[in-house]
């Protein structure tokens, strides 16, 4: 009579768990700096329980069976949280593969007198747990992608600061590429800040923009036009020599926009528009 | 006699591909020792054409080749897509003409930025643009 794998699993749950934990603890990839042993044990116990509950002799060959939904869910949660905690893919992979080893060890103990059955069951288990392994990787990568996506959003958020550098003068250093969504953020921030501070001059610095193609230029022109509608003047600074040549060859007309090579000269221009002058203090001259 | 020294291709499918493609072109340009002005011109031209692919054809492919002719070396870029094609190339090459509400400088501007420019397009089948920039051109 064939051995019931589900029965076997249910009866030997604690042996399996102990074996598995033992394997994880002795493995050199154990990260006790990222996770305590207690946490590891709770996590592993949850997974073994779910597996024992859902595994039957029928569905062992049907890896996509909905019976395993609970196991899948626990696995996804584990690998997702591991991805965020900074586990490497190898460590996460070994976690699930060491369960496979523990399971096979258990089978070996129980079925040592029946090699054919042992082989058959091991193979079925192998297939099932490999599938779990693949799933773990998929969710692990998804977890990492989520991290990247969040960082991308954060970058576009923090990379468009509007700074008030003088009474009535705003500066906006643009770093990176100006695409449509970025322009939208830049424009919104700038226009809002103009209202908030009552500024009349805005300096857009494009030193950090690697290439100015016609789309970037179009976005710049739009931003300048919108600023003008708000009654403020706009100066574009940070135009490098090679950018200047490229813009001319492309045929982009920036002649009705005030442009300067450096932020310093843009600020100087802004001062003169406000009839301000920067003077060296008299008393300091005595030091010479 | 034009000789191809190295070949590299990448596919363009989304807006996030513009920057990696530009960086790839720039890398190659730096490798053959192209000056900063020509580098910027070539990278800007590439940027224009990649944006055209994304805007009009959704996806396409870029082929980056290092070529040499006698002592002169340069970079040849081929942008191919299976988009709607261009009905009137002469019109599309005019400054300020655009069917996509842009400045209309992409194609004519690109032509001015590079040494050799070739465009082939069949309506309904797609467009192939080939540009070449010499190292000291």
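The values are calculated or read from the model by the stated rules, or taken from the named source; none is laboratory data. The structure displayed is predicted, hence computed values, not measured ones. When we count neighbours, we look across all protein chains shown, and the Cβ atoms used for this are built from the backbone with ideal geometry, even at glycine.
Every residue in the range A:237-256 that is over 22 Å from residue B:36 (Cα atoms) and in contact with a strand residue (DSSP E or B) (Cβ under 6 Å, 6 or more places away or on another chain), please.
Those that are over 22 Å from residue B:36 (Cα atoms) and in contact with a strand residue (DSSP E or B) (Cβ under 6 Å, 6 or more places away or on another chain): none in the range A:237-256.
Please enumerate the residues belonging to the range A:185-222 that are within 20 Å of residue A:261 (Cα to Cα), more than 29 Å from the chain's Cα centre (by Cα) and touching a residue at least 12 places away in the same chain (Cβ under 8 Å). So that I can check it myself, show each step before the final result.
Within the range A:185-222, the subset within 20 Å of residue A:261 (Cα to Cα) is A:201-214, A:216-221.
This time we only want the ones that are more than 29 Å from the chain's Cα centre (by Cα), so: A:201-203, A:214, A:217-218, A:221.
Passing the criteria: A:201, A:202, A:203, A:214, A:217, A:221.
Please find, within the range A:154-177, the residue that is farthest from residue A:273 (Cα to Cα) out of those that are out of contact with any strand residue (DSSP E or B) (no Cβ under 8 Å at 6 or more places or on another chain) and either away from every other protein chain (no Cβ under 13 Å) or surrounded by 13 or more Cβ atoms within 10 Å (Cβ to Cβ) (or both). Steps first, answer last, please.
Taking the range A:154-177 and keeping what is out of contact with any strand residue (DSSP E or B) (no Cβ under 8 Å at 6 or more places or on another chain), we get A:154-158, A:166-167, A:177.
Narrowing the set further to residues that are either away from every other protein chain (no Cβ under 13 Å) or surrounded by 13 or more Cβ atoms within 10 Å (Cβ to Cβ) (or both) leaves A:154, A:156-158, A:166-167, A:177.
Numbers: A:154: 36, A:156: 32, A:157: 31, A:158: 30, A:166: 13, A:167: 13, A:177: 30 Å.
The residue in question is A:154.
Going by the conditions given, is residue B:42 touching a strand residue (DSSP E or B) at 6+ places or on another chain (Cβ under 6 Å), modelled with pLDDT of 90 or more, within 13 Å of another protein chain (Cβ to nearest Cβ) and crowded, with 19+ Cβ neighbours inside 10 Å?
When the stated conditions are applied, residue B:42 passes them.
Among the listed residues B:53, B:64, which satisfies the condition of being in contact (Cβ under 8 Å) with a residue 12 or more places away in the chain and under 24 Å from residue A:180 (Cβ atoms)?
Values: B:64 fails: under 24 Å from residue A:180 (Cβ atoms).
Only one candidate qualifies: B:53.
If you check A:184, A:245, A:192, A:218, which single one turns out to be farther than 28 Å from residue B:113 by Cα, part of a helix (DSSP H, G or I) and within 14 Å of another protein chain (Cβ to nearest Cβ)? Give the steps one after another, and end with the answer.
Details: A:245 fails: farther than 28 Å from residue B:113 by Cα; A:192 fails: within 14 Å of another protein chain (Cβ to nearest Cβ); A:218 fails: farther than 28 Å from residue B:113 by Cα.
After ruling out the rest, the residue left standing is A:184.
Looking at A:112, A:122 in this structure, which one is exposed (fewer than 13 other Cβ atoms within 10 Å of the Cβ) and under 23 Å from residue A:19 (Cβ atoms)? Spell out the reasoning first.
On the way: A:122 fails: exposed (fewer than 13 other Cβ atoms within 10 Å of the Cβ).
Answer to the check: A:112.
Mind listing whichever residues of the range B:88-114 are buried (at least 19 other Cβ atoms within 10 Å of the Cβ) and away from chain A (no Cβ under 12 Å)?
The answer is B:92, and nothing else.
Can you name the number of the only condition in (1) more than 14 Å from chain B (Cβ to nearest Cβ); (2) assigned to a loop (DSSP other than H, G, I, E, B) that residue A:252 fails?
Of everything listed in (1) more than 14 Å from chain B (Cβ to nearest Cβ); (2) assigned to a loop (DSSP other than H, G, I, E, B), residue A:252 misses just condition (1).
So which residues in the range A:195-210 are surrounded by 17 or more Cβ atoms within 10 Å (Cβ to Cβ) and within 14 Å of chain B (Cβ to nearest Cβ), if there are any at all?
If the condition is that a residue be surrounded by 17 or more Cβ atoms within 10 Å (Cβ to Cβ) and within 14 Å of chain B (Cβ to nearest Cβ), then A:206, A:209, A:210 are the ones that fit.
Considering the range B:14-39 alone, what residues qualify as being farther than 21 Å from residue A:243 by Cβ, out of contact with any strand residue (DSSP E or B) (no Cβ under 6 Å at 6 or more places or on another chain), modelled with pLDDT of 90 or more and assigned to a loop (DSSP other than H, G, I, E, B)?
Of everything in the range B:14-39, nothing turns out to be farther than 21 Å from residue A:243 by Cβ, out of contact with any strand residue (DSSP E or B) (no Cβ under 6 Å at 6 or more places or on another chain), modelled with pLDDT of 90 or more and assigned to a loop (DSSP other than H, G, I, E, B).
Scan the range B:118-131 residue by residue and report those that are within 14 Å of chain A (Cβ to nearest Cβ) and either surrounded by fewer than 18 Cβ atoms within 10 Å (Cβ to Cβ) or assigned to a helix (DSSP H, G or I) (or both).
Step one: of the range B:118-131, the residues within 14 Å of chain A (Cβ to nearest Cβ) are B:131.
Those that are within 14 Å of chain A (Cβ to nearest Cβ) and either surrounded by fewer than 18 Cβ atoms within 10 Å (Cβ to Cβ) or assigned to a helix (DSSP H, G or I) (or both): none in the range B:118-131.
Quick check, is residue A:140 over 19 Å from residue A:21 (Cβ atoms) and surrounded by 16 or more Cβ atoms within 10 Å (Cβ to Cβ)?
On the way: over 19 Å from residue A:21 (Cβ atoms): yes; surrounded by 16 or more Cβ atoms within 10 Å (Cβ to Cβ): yes.
Criteria met by residue A:140.
For the range B:69-80, state whether one or more residues are more than 16 Å from the chain's Cα centre (by Cα) and within 12 Å of chain A (Cβ to nearest Cβ).
Going residue by residue through the range B:69-80, those that are more than 16 Å from the chain's Cα centre (by Cα) are B:69-73.
So of that shortlist, the ones also within 12 Å of chain A (Cβ to nearest Cβ) come out as none.
Among the residues of the range B:69-80, not one is more than 16 Å from the chain's Cα centre (by Cα) and within 12 Å of chain A (Cβ to nearest Cβ), which makes the answer no.
How many residues does the range A:37-67 contain that are in contact (Cβ under 8 Å) with a residue 60 or more places away in the chain and assigned to a helix (DSSP H, G or I)?
Residues flagged as in contact (Cβ under 8 Å) with a residue 60 or more places away in the chain and assigned to a helix (DSSP H, G or I) within the range A:37-67 amount to 2.
State which residue is farthest from the chain's Cα centre (by Cα) when the search covers only the range B:6-39 and only residues that are within 11 Å of another protein chain (Cβ to nearest Cβ) and in contact (Cβ under 8 Å) with a residue 60 or more places away in the chain.
B:35
Out of the residues in the range A:231-288 meeting the condition of being at positive phi and surrounded by 15 or more Cβ atoms within 10 Å (Cβ to Cβ), tell me which one is modelled with the highest pLDDT.
So in the range A:231-288, the residues at positive phi come out as A:231, A:238, A:251, A:275.
Pick out the ones that are also surrounded by 15 or more Cβ atoms within 10 Å (Cβ to Cβ) and you get A:238, A:251.
Numbers: A:238: 93, A:251: 88.
If we take residues in the range A:231-288 being at positive phi and surrounded by 15 or more Cβ atoms within 10 Å (Cβ to Cβ), then A:238 is modelled with the highest pLDDT.
Within 14 Å of chain B (Cβ to nearest Cβ) and surrounded by fewer than 16 Cβ atoms within 10 Å (Cβ to Cβ): does that describe residue A:225?
Yes.
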